[in-house]
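**Q** Here's a structure for you.
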Amino acid sequence: QVQLVESGGGLVQAGGSLRLSCAASGRTFSGYTMGWFRQAPGKEREFVATISWNDGTTYYADSVKGRFTISRDNAKNTVYLQMNSLKPEDTAVYYCACKSGSGYRINQYAYPYWGQGTQVTVSS
């Protein structure tokens with residue numbers, strides 16, 4: 001069974017930084033796409049960033065470009081989301097997800113595996 005365990009969420013002031021981690025286990029992830037999504041109260045879950053396990057190709061939502069960086073450490077089976085210049089509108093539960101292949105990488109419904117989520121709160 002694939003398991004994704006997120007950590008690193010918390011409370012931070014606007015302009016601050018936070019680093020989220022996602023520990024993946026249960027299989028080899030060669031050929032997989034790893035993603036971060038977020039959901040704020042009263043809003044739909046939205047795409048944040050993805051990375052290809054094999055070659056590190058990344059995609060970002062326009063709202064986080066230039067501020068967030070997704071990365072992975074294949075030896076540790078861990079995916080990271082470095083969040084800088086945080087804004088109150090970044091407040092949400094952040095979820096790690098993964099799927100095989102590279103198709104539909106920004107569509108949450110294409111991802112069968114999800115972590116439990118970690119809360120990020122940015123105060124103004």
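**Q** To the nearest 0.05, how large is the calculated FRET efficiency for Glu46 and Ser124 if R₀ is 25 Å and r is the Cβ-Cβ distance?
**A** Computed FRET efficiency for Glu46 and Ser124 comes out at 0.75.
**Q** While we're here: Sort 94-102, 65-73 by packing, meaning the average of other beta carbons within 10 Å per residue, with the highest value first.
**A** 94-102, 65-73
**Q** Over the chain, calculate the relative contact order: mean separation of alpha carbon pairs under 8 Å at least 6 apart, over the residue count, as a percent.
**A** Computed over the chain, the figure is 36 percent.
**Q** Against the 2.2 N^0.38 Å scaling, with N counting residues, where does the chain land? I'd like the Cα-based Rg ratio to two decimal places.
**A** Dividing the Cα Rg of the chain by 2.2 N^0.38 Å gives 0.98.
**Q** Same structure, new question: Counting only heavy atoms of protein chains, what accessible area per residue, in Å², does the chain have with a probe of 1.4 Å?
**A** Per-residue accessible area for the chain comes out at 51 Å².
The values are calculated or read from the model by the stated rules, or taken from the named source; none is laboratory data. Given the structure is predicted, the values throughout are model-derived calculations rather than measurements. All Cβ positions, even for glycine, are placed from backbone atoms using ideal geometry, and neighbour counts span all protein chains on display. Only protein heavy atoms, including side chains, enter the accessible area calculation; ligands, DNA and RNA are left aside. Shrake-Rupley method; radii C 1.70, N 1.55, O 1.52, S 1.80 Å.
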